[in-house]
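Have a look at the structure below, then the notes.
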Amino acid sequence: MALKNINPTKTQAWQKLTNHFNDHKDITIKELYKDVNRKAHFSLEFEDLLVDFSKNRITKETLDLLVELAKEVDLKDAIEKQFSGEVINVTEGRAVLHTALRSNSEEPVFMDGKNIKPQIQAALRKIRSFSNKVISGKWKGYTGKSITDIVNIGIGGSDLGPDMVVESLQYYKNQLTTHFVSNIDGDHVSEVMKKLNPETTLFVIVSKTFTTQETITNAETLKNWFLKSATIFDIPKHFVAVSTNLEAVDNFGIDKSNVFPMWNWVGGRFSLWSAVGLSISLSVGFDNYRALLDGAEEMDIHFRSEDFDKNIPVVLALLSIWYNNFYKAETEAVLPYSQYLKKLPDYLQQAIMESNGKGVDRNGDQIDYQTGTIVWGSTGTNMQHAFMQLVHQGTKLIPTDFIGYKESLYGLTDHHKKLMANYYGQMEALAFGKSKEEVHLELKFAGNEDKISQLLPFKIFEGNRPSNAILFDKLTPRSLGKLIALYEHKIYTQGILWNIYSYDQFGVELGKELAKKLLNKQS
Ligand code: F6P
C-alpha cells in the first residue's frame with residue numbers, strides 16, 4: 001500500500017495550529033522561560049544524547065497540536081511502511097531501505113519475496129575482509145608495496161557522505177591517507193594526483209549508476225594516469241568499484257571480484273551505510289564503521305518506536321515545520337561546535353534539499369505552501385566571527401541547531417571549556433537578547449553617557465531567536481551514526497507532513513541533460 005495523500009493544510013490540526021499561531025505568534029522565549037521547569041519539560045534524553053528545545057517559540061499546546069498534525073497525516077503508518085520495505089519511493093518504483101543496512105535484528109525485510117538481510121550481511125563481510133587486508137598492508141600494489149593512499153571517486157551521495165564521515169572521524173583514523181575527487185573541474189583531480197604514487201594508491205570508484213559524467217570522467221583520467229606507470233593487468237590491484245551497474249563496471253575494466261554491491265532500494269544521499277562507505281571502513285577500520293552503523297540503528301529504533309512527543313527526529317521536524325510554515329522562516333542553520341564536523345552542513349544540504357526541495361505533492365498537484373527549508377551552516381566558533389551578526393541582529397528569522405559534545409577528544413580542557421561557553425553563550429544571546437534598559441545601563445557604567453542616544457539602537461539585541469541544543473557526550477563513530485540518522489528521519493518526517501516524495505530527485509536532471517546537449521554541439 002502506497003503512502004497516504006493528505007494535504008496538511010486541509011487537516012483539522014493545521015486549522016488549529018493557524019488559530020494558535022495567530023493568538024501566540026508574538027510570544028517571547030523570555031516570557032516562556034518564566035516557567036522554571038521549562039528546560040525539563042522541553043528536553044529529550046536518549047542514551048548519550050540530550051536535546052534541549054526549550055529555546056523555541058512554543059508552548060505545550062504548540063507541541064501537542066504539532067503532534068496532532070503528525071497523527072492526522074498518519075506519520076506512524078509512513079514510518080512503518082519505510083522500515084518494512086514498501087515501495088514508498090513511488091515515482092521511481094522503489095523501496096527505501098537504508099535502515100536495513102544498519103540493522104542487527106533478525107527481522108527479515110522482503111524485496112520481491114526475498115529477504116534482503118543475507119545480501120547485506122555478505123556485503124558487510126566483504127567490506128570487512130577487504131578493509132582488513134588493505135589496512136594491514138597485506139593487499140599489495142603492482143610493485144609489491146602496501147597501499148598508502150585511498151582515492152574515493154564519486155559525487156553527490158557517492159562523495160558527500162563518505163567525505164563528511166572520514167573528516168568527522170579523523171581522530172579514529174589509521175595510517176592511510178584518504179582523498180576525495182568529485183568535481184568535473186579538472187583542477188580538482190589534478191591537485192589530488194600530485195599527491196599520489198601509482199604504486200601505492202587504491203582507487204575506489206563509487207557510482208550507483210556508473211554513468212555519472214563527473215565520476216566516469218575523473219575515473220578515466222585517473223586510470224590513464226595510472227596506466228602511464230602500470231599496465232592494464234595491474235588494474236585489479238588498484239581499482240575497485242561500488243555500483244549497481246555491473247556491466248558498466250566491467251566495461252571500465254574492473255575485476256568482478258573487486259565490485260562491491262549497491263542496491264536500487266538505497267538512495268544515493270542515504271548510502272554511506274552501504275558499500276558506498278567503503279572509504280570510511282578503509283580509513284577508520286571496519287569496527288569503527290560498524291559502530292557508526294550501530295549508532296544509526298539505535299536512532300532507527302528510537303524513531304520507529306517512540307511516541308511522537310518524545311521522538312527526537314519527529315520533534316525536530318515538527319519545530320522546523322512550525323517556523324517554516326507558520327513563521328515563514330526560509331532557512332535553518334546547522335552549527336556544529338566541533339571542527340571535525342565542518343563538512344556536516346555540506347552533507348546535510350544534499351540530504352535535506354535534494355529530498356524535500358519539491359513543489360508537487362503526492363497527488364501530482366502543485367503545492368501552495370512552503371516545503372523544503374534551505375539549510376546552511378559552519379562550525380563554531382569560527383562562524384561567530386563570520387555570519388552570526390546576521391543571525392543575532394539581522395531581519396530574518398533563522399532557527400538554529402547547535403551541535404556540541406560534553407567531552408573533547410584530545411582533552412584540552414581549557415579549549416573545551418571556552419568552546420562550550422561559546423556554545424551556550426550564543427544560544428542564550430539568541431534567545432534572550434539584550435534589552436534597551438540593559439544597554440542603557442551598560443553604556444552609562446562605561447562612562448559613555450553622552451553617546452547613549454546615538455548608540456542605543458545599534459546595541460540592542462531583540463532576542464527571541466530560536467535554537468535547539470543537540471548535545472552528545474562525545475564524538476564517537478556511534479554518536480556520529482546517531483546524529484546522521486537523526487537528520488535522515490527528520491527529513492522523512494517533514495516529507496510526510498508536507499505530502500511530498502522525499503526520495504526522488506528529478507530536479508537535478510534538466511541541467512545535466514542540457515549540459516550533455518551543449519557538449520554534443522561543441523564536439
Ligand atoms: O545529482 C544527483 C545524483 O543522482 C545524486 O542523487 C547522487 O547521489 C549523485 O547524483 C551521484 O550518482 P551516482 O552514484 O549514480 O554516480
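The values are calculated or read from the model by the stated rules, or taken from the named source; none is laboratory data. Here the structure is a predicted model, which means the values were calculated and not measured. We place every Cβ from the backbone using ideal geometry, glycine too, and count neighbours over all the protein chains shown. To get the accessible areas, we keep the full protein, side chains included, count just its heavy atoms, and leave off ligands, DNA and RNA. Shrake-Rupley method; radii C 1.70, N 1.55, O 1.52, S 1.80 Å.
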State to the nearest 20 debye the size of the charge dipole of the chain about its Cα centre, where the only charges are +1 on K and R beta carbons and -1 on D and E beta carbons.
1060 debye
How big is the gap, in Å, between the Cα center of the stretch 467-523 and the Cα center of the stretch 1-76?
24 Å
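Counting only heavy atoms of the protein chains, get the accessible area per residue of the stretch 130-288 (1.4 Å probe) and round it to a whole Å² value. Don't skip to the answer; put the middle values down first.
Details: 5870 Å² over 159 residues.
Counting only protein heavy atoms, the per-residue value for the stretch 130-288 is 37 Å².
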From the square roots a ≥ b ≥ c of the eigenvalues of the alpha-carbon gyration tensor of the chain, which class results: rounded (a/c under 1.5), prolate (a/b over b/c), or oblate?
prolate
I'd like the distance separating the alpha-carbon centroids of the stretch 207-271 and the stretch 152-194, in whole Å.
15 Å
I'd like the FRET efficiency for Glu247 and Thr217, computed as 1/(1 + (r/R0)^6) with the beta carbon distance as r and R0 of 22 Å, rounded to 0.05.
0.70
Using the structure shown, list the pairs from Lys173/Lys256; Lys342/Lys459; Lys145/Lys516; Lys173/Lys223; Lys208/Lys237 with a Cα-Cα distance above 32 Å, or answer none.
Lys145/Lys516
Grab the beta carbon distance between Asn264 and Gln121, set R0 = 30 Å, and tell me the FRET efficiency rounded to 0.05.
0.95
Here, trypsin sites (Lys or Arg not before Pro) of the stretch 29-64 satisfying both criteria (DSSP loop; at most 15 other Cβ within 10 Å) are Lys34
Computed over the chain: longest principal axis from alpha-carbon atoms vs helix 12-24 long axis, angle to nearest 10 degrees, is 50 degrees
Expressed in nanometres to one decimal, the distance between label points 7 Å along Cα→Cβ at Gln15 and Lys76 is 2.3 nm
Separation of the Leu510 and Phe233 label points, Cα + 7 Å toward Cβ, nm
5.3 nm
Taking the chain as the reference, fit the longest principal axis to its C-alpha atoms, fit the long axis of helix 509-522 to the helix C-alpha atoms, and give the angle between the two in degrees, 0 to 90, nearest 10.
50 degrees
CD proxy, 222 nm, the chain: helix-only mean residue ellipticity via -39,500 (n - 2.57) per DSSP H run with n ≥ 4, per residue, nearest 500, stands at -13500 deg cm²/dmol
Could you give the accessible area per residue of the stretch 459-509, probe 1.4 Å, as a whole number in Å²?
23 Å²
Along the positive direction of the dipole of the stretch 346-405 (beta-carbon charges: Lys, Arg +1; Asp, Glu -1; about the Cα centre), which of Met388, Asn363, Gln350 reaches farthest?
Met388
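With a cap of 10 neighbouring Cβ atoms within 10 Å, and only residues DSSP puts in a loop, list the chymotrypsin sites (Phe, Trp or Tyr not before Pro) found in the stretch 384-452.
Tyr410
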Neighbour count of at most 14 Cβ within 10 Å plus DSSP loop: longest GluC sites (Glu not before Pro)-free window in the chain:
107-329
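For an R0 of 35 angstrom, estimate the FRET efficiency from the Cβ-Cβ distance between Lys256 and Asp187 and round to the nearest 0.05. Mind showing how you got there, number by number?
Values: r = 34 Å, r/R0 = 0.96.
For R0 = 35 Å, the calculated efficiency reads 0.55.
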Can you tell me the orientation of helix 477-497 relative to the chain, as the angle in degrees between its alpha-carbon axis and the longest Cα principal axis, to the nearest 10?
70 degrees
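Using 0.36 nm per residue of separation minus the Cα-Cα distance, give me the extension gain between Gln454 and Lys406 in nm, one decimal.
Extending this stretch completely gives an extra 13.1 nm.
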Of all trypsin sites (Lys or Arg not before Pro) in the stretch 227-316, the ones in DSSP coil with at most 16 other Cβ atoms within 10 Å are Lys228
Residue-normalised accessible area of the stretch 1-61, given per residue in Å² at a 1.4 Å probe:
58 Å²
When the label point is put 7 Å from the Cα of Asn37 along its Cα-to-beta-carbon vector, which residues of the stretch 52-89 have a backbone N closer than 14 Å?
60
Can you give me the % of accessible surface on the stretch 130-288 that is carbon or sulfur? Probe 1.4 Å, all protein chains present, nothing else counted.
51 percent
In the stretch 130-288, if the dipole is taken from +1 on Lys/Arg beta carbons and -1 on Asp/Glu beta carbons about the Cα centre, which of Thr200, Gly186, Leu222 is farthest to the positive end?
Thr200
